[in-house]
Number of protein chains: 2
Amino acid sequence: MSYKIGLIRVLTTKKTEILLSHQKIIQNNFPEFEIETKCIQDQFEGIHDEKTLNIAFPKIVKLAKEWEKNIDGLIISCAGDPAVEHLRKILSVPVVGAGVSAACMSLNFGKKVGIIGIEQYPPKSYEEILKDRLFAYELPEGVVTTNDLQTDQGRESITNSAKNLKSIGCDVITFACTGLSTTGAATLLKDIGLPVVDAVMAEGAMMKFMLMEKNKKVVDRNV
Amino acid sequence: MSYKIGLIRVLTTKKTEILLSHQKIIQNNFPEFEIETKCIQDQFEGIHDEKTLNIAFPKIVKLAKEWEKNIDGLIISCAGDPAVEHLRKILSVPVVGAGVSAACMSLNFGKKVGIIGIEQYPPKSYEEILKDRLFAYELPEGVVTTNDLQTDQGRESITNSAKNLKSIGCDVITFACTGLSTTGAATLLKDIGLPVVDAVMAEGAMMKFMLMEKNKKVVDRNV
């Protein structure tokens, strides 16, 4: 059984390889998903504070509503989960956000969750879900927008942040920006010696589970 | 890519359809898993209190250690997560428990989680992970062991428990016994009007995510 999944990027980009990077991560792991990616317009620095979130919000809602009838599920591929709660109330298809998904998955791996993101504080879903398991937060040096994660310097800063989190006793590293997925940070950190929760991988797995839940594809009684 | 998954049932049974019921739910959703099920011996009432947990613990550890070299991942298909923390320290393959998995997934669906289980209190992973989102708990009337969930009366009690949870304002129903999966309770509750987190579906999805995390199957940078 295959599912048509819509994936919304909150970063406007003309570069196909950047645009499709999240779709590719998910499709590599879930070949049963037929994913299409669209990005919102005029948001070349993505979402990195309250102002850019507020500007993005109505664009995401408009795109989602237009898309609803042609998809089986919608992924908002941003760790700030912009419009996710609102869209869950108004759409008939499962809606997944990267932040909620990553936070949920983290709890399986550890009790001292170290987070890497691009804002001054972790997105609110991480605080709401992890509570006292949110052990530490790192904003990599020199990083302001998601684009800063894509450079050699950005990647070095990510590695340093991960090492800092490990040194203070975190038992899992969780990403709070999907730009970390675009830059391949999970691979970059593969030898860090801690589990790494990539937010794009997490949103893919959560979409799968939401579709399983919706379709209640369980066995019949005692069969 | 396919994975060999070992699934341990903590209920001793000679009935093949009961033995394989969890395996079948997961395989229906994850055809890439080649699952084998084994059950521990002399535990015909499963685990339903501290005493039966303590008896089961060493049996699970022994079975897991013997199995380790032939599998890519191990599922302990019990919401009490017996031996899961211990096995994660001593085995080299990902180890998943039904309880932790179901609790993690629940946080994606709601803020007032209603739980149905077979003990006097929810298993500890639900309390530790859900914290103040653990809104209410129901032990279906007349149920003492997992076997009591498999009868017509047991199924009626499950439905009543779910209705109770809905009536007091729960926004998601989560199972805290995998016997609820064996009896097909997710299907039974498909019209309840709330999302239902089945612990066997959750452990399958979490195993998938743990394998994704382990293999870091992400795209290379900007490709």
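The values are calculated or read from the model by the stated rules, or taken from the named source; none is laboratory data. Since the structure is predicted, the reported quantities are computational estimates derived from the model, not experimental observations. Cβ sites come from the backbone with ideal geometry, for glycine too, and all protein chains shown count toward neighbours. With ligands, DNA and RNA removed, areas are computed over all heavy atoms of the protein, side chains included. Shrake-Rupley method; radii C 1.70, N 1.55, O 1.52, S 1.80 Å.
Observations on the model:
- Projecting 7 Å from Cα along the Cα-to-Cβ direction, the label point of B:Lys214 sits 3.0 nm from its equivalents in the other copies, listed shortest first.
- Build a GNM of chain A with springs between Cα atoms under 10 Å apart, and of A:Lys208, A:Lys51, A:Lys124 the one that fluctuates most is A:Lys51.
- Counting, for every residue in B:199-212, the Cβ atoms of other protein chains within 10 Å of its Cβ and taking the mean gives 5.
- In order along region B:114-122, phi translates into HN-Hα couplings of x, 10, 10, x, 10, 9, 5, 10, x Hz, rounded to whole numbers, per the Karplus curve 6.51 cos²θ - 1.76 cosθ + 1.60 with θ = phi - 60° and x for Gly and Pro.
- Exam field: A:Ile90 pseudo-label spacings to other copies (7 Å along Cα-Cβ), nanometres: 5.5
- Sequence-distant residues sharing a close amide H with B:Cys78 (under 5 Å, placed H): B:Ala98, B:Gly99
- Sorted from closest to farthest, the other copies place their A:Glu17 label points 5.5 nm away, with each point set 7 Å from Cα along Cα→Cβ.
- Kirkwood Rh in Å, taken over all unlike Cα pairs in region B:1-117: 14.9 Å
- Solvent-accessible surface of region B:67-189, averaged per residue with a 1.4 angstrom probe and all protein chains in place: 36 square angstrom.
- With R₀ set to 41 Å, the beta-carbon distance separating B:Asn164 from B:Lys15 gives a calculated FRET efficiency near 0.85.
- Nonpolar atom fraction for region A:3-97, defined as the carbon and sulfur part of the 1.4 Å probe accessible area, stands at 53 percent.
- P(r) histogram, all alpha-carbon pairs of chain B included - 5 Å bins from 0, percent: 1, 7, 16, 20, 20, 16, 11, 6, 2, 1, 0, 0
- When the residues A:His48, B:His86, A:His22 are ordered by accessible surface, computed with a 1.4 Å probe over the protein chains alone, the sequence from largest down reads B:His86, A:His48, A:His22.
- For region A:100-200, the Kirkwood radius over C-alpha pairs fed into Stokes-Einstein at 10 °C and 1.306 mPa s yields D = 122 µm² per second.
- Averaged over B:103-116, number of beta-carbon atoms from partner chains that fall within 10 Å: 4
- Karplus-derived 3J(HN,Hα), 6.51/-1.76/1.60, for each residue of region A:154-171, Hz, glycine and proline x: x, 5, 5, 5, 4, 4, 5, 4, 4, 4, 4, 4, 5, 5, 8, x, 4, 10
- Scanning residues 5 or more positions from A:Ile35 or on other chains, those with amide H under 5 Å from its amide H are A:Ile5, with H placed 1.01 Å from N in the peptide plane.
- Amide H to amide H distances under 5 Å link B:Val197 with B:Ile173, B:Thr174, B:Phe175, where only residues 5 or more positions off or on other chains count and H is placed in the peptide plane.
- Once you reduce region B:16-57 and region A:35-54 to the center of their Cα atoms, the two points are 45 Å from each other.
- Entries in A:Lys38/A:Lys89; A:Lys190/B:Lys4; A:Lys62/A:Lys89; B:Lys111/B:Lys166; A:Lys111/B:Lys124; A:Lys38/B:Lys216 that, when Cα-Cα distance is taken, lie over 18 Å: A:Lys38/A:Lys89; A:Lys190/B:Lys4; A:Lys38/B:Lys216
- Of interest is the spacing of the C-alpha centroids, which for region B:70-115 and region B:168-191 amounts to 17 Å.
- Each residue of region B:69-77 is assigned a 3J(HN,Hα), and the resulting list reads 6, 9, 10, 9, x, 10, 10, 9, 7 Hz, derived from the Karplus form 6.51 cos²θ - 1.76 cosθ + 1.60 (θ = phi - 60°), x at Gly and Pro.
- Measuring r between the beta carbons of A:Asp152 and B:Asn215 and using R0 = 25 Å, the FRET efficiency lands at 0.50.
- Taken over the protein assembly as shown, the ratio of Cα radius of gyration to 2.2 N^0.38 Å equals 0.95.
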